[in-house]
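Below: one structure, written as structure tokens.
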Amino acid sequence: MDYLEIVGGRKLSGEVTISGAKNASLPIIAATILSDREVILTNLPNVVDIRTLLKLLSMLGGTVKHDNTVAIIDNSSINSTKAVYEIVSQMRASILVLGPLLTRFGECEVSLPGGCAIGQRPIDLHLKALEAMGAKMEIKGGYVRAEAPNGLHGAKIVFDKITVGGTENIVMAAAMAHGTTEIINAAREPEVVQLCEMIADAGIKIDGIATDRITIVGSAGKTLSFKKPIEIIPDRIEAGTYLCAGAITGSKITLDKVNQEHIQATIDKLESMGCSFTINNEKITIHPAKKLAPVNIVTAEYPGFPTDMQAQFMAVAAIADGESLIEERLFENRFMHVSELNRLGTDIWLKGNTAAIHSTDELNAATVMATDLRASSALVLAALVANGTSKVKRIYHLDRGYDNLEGKLSALGADIVRKSE
Ligand code: EPZ
């Protein structure tokens, strides 16, 4: 199994190019099911989750040509509507094929994703919304079997909770439904926005893009013809992670290909810790703090502070001058990194969904285990400043969502190598 060996204490410098967003690519790949013509996607990140979803499309009968950042997908040949457990259990986001398969083919069977390292993550809101659009649902043998032989119809959907994946599934389902769907309390994440824009560019009338109330007039069963090529937006979480790398190592580094608006919450928090920024179109340079100040964070839906940046900030806060507090409001179990960070010498205490991060003078190298994608990057960040040589194990989590993390960090001057055991 691969692990990362990191010798702490190196300053970073130079420029790093941010890849396309994993969480924008996944719904966009699922949305290609709405078309029976060729779709070209560019700027995909080279990560395992993308390959997993493309594999699922191939298993459904779609034709996929994939080369690092570009995929050419033709879903005219789909001949199965069953998303099997073997794929869905590897990646929960596979549930995103539910809406598009059902709305295009009138039936599908998708494995239930099951538990997850960061919380229960049910899909009840996706199912309830599709039922409101006329789907008949049955859960049997670990699969959701959905039917709508005459197609889905428009409906007014009020999400009890803001859900990114739920909003995406319903936007896709609504795009080919009969009539108008109104989504109230919709997610406004940039990834949802890009999905809506892709569908709107295909001629579907969508109002309220980037707001919490989205209205979609469906094509009444007609497949969509997407504009070519579709370029994936920059990954705001990868960008935030590199900004944290600059902050924790006290280094000036520049990120290229970022959308500053998408990372504003991260910039604001790093500014409150004493870092400053120069922004020039798609480039952003972080100037590190002389002394990192503590920070208080409460995770929230976009445009609030992203839960996907919580673990990385915990690593940075660990070496700040004073106590920081981080409250996790989205997922009930997203603190698995705490005990591993403490093995590197941080002093973090948990009470309910809040972590108190006490200041530590220095971190010391250790062998640690990654527990989920963002937890893994927090461990890497802490290891960059720990005295000695750390090993970060179970990095298959990292490979799911960070494009060439060790290559990009070592190009910035970090002492980091991938090894196998
Ligand atoms: C997306 O997950 C992201 N994944 C996650 O990224 C991210 O952490 C999350 O949104 C929140 O921003 C992708 O985009 C592929 P949700 P998603 O539905 O869509 C509850 C990463 O590291 N909920 O917005 O699954 C749910 O349990 C990750 O890249 C229900 O109760 O998240 C959670 O508490 C991991 N019922 C909250 O809503 C439902 O039917 C928000 O979840 C659906 C969700």
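Please treat every number below as a calculation from the coordinates, not as lab data. All of these numbers come straight from a predicted model, not from anything done at the bench. Cβ coordinates were reconstructed from backbone atoms using ideal geometry, including for glycine residues, and neighbour counts include every protein chain displayed.
Lysine pair count for the range 107-233 with Cα-Cα distance under 18 Å and sequence separation of 8 or more or different chains is 8.
At an R0 of 35 angstrom, the distance between the Cβ atoms of SER339 and THR17 translates into a FRET efficiency of 0.55.
Seen from PHE226, the other residues with C-beta closer than 15 Å to its C-beta sum to a net charge of -1, counting Lys and Arg as +1 and Asp and Glu as -1.
Between ALA239, ALA71, ALA31, the GNM of the chain built on Cα springs shorter than 10 angstrom shows ALA71 fluctuating the most. When only alpha carbons are used to place a centre, the range 212-271 and the range 354-372 end up 27 Å from one another.
Spin-label model, ARG37 to VAL417: label points 7 Å out along the Cα-to-beta-carbon direction sit 5.1 nm apart. Take every Cα pair under 8 Å whose residues are at least 6 apart in sequence, average their separation, divide by the length of the chain, and the relative contact order is 21 percent. Of the trypsin sites (Lys or Arg not before Pro) in the range 140-183, the ones in a loop by DSSP (not H, G, I, E or B) with at most 16 other beta carbons within 10 Å are LYS161.
Taking a span of 15 Å or more along the helix axis (Cα atoms) and a mean Kyte-Doolittle hydropathy of at least -1.0 as the rule, the DSSP H helices of the chain that qualify are 48-59, 164-175, 190-201, 236-249, 373-385.
Given +1 at the Cβ of Lys and Arg, -1 at the Cβ of Asp and Glu and no other charges, the dipole of the range 219-370 around its Cα centre is 460 debye to the nearest 20. Fully extending the segment from GLU323 to ASP201 would add 39.1 nm, taking 0.36 nm per residue of separation and subtracting the current Cα-Cα distance. Highest-first packing order for the peptide set 373-384, 48-59 is 373-384, 48-59, based on the mean count of other beta carbon atoms within 10 Å.
Compared with the alpha-carbon gap, the fully stretched path from ASP67 to ALA356 is longer by 99.7 nm at 0.36 nm per residue.
Would you please classify the overall shape of the range 164-237 from the alpha carbon gyration tensor, given that a ≥ b ≥ c denote the square roots of the eigenvalues, rounded means a/c under 1.5, and beyond that prolate means a/b larger than b/c while oblate covers the rest?
Numbers: a/c = 2.10, a/b = 1.17, b/c = 1.80.
Oblate is the answer for the range 164-237, as a/c is 1.5 or above yet b/c matches or exceeds a/b.
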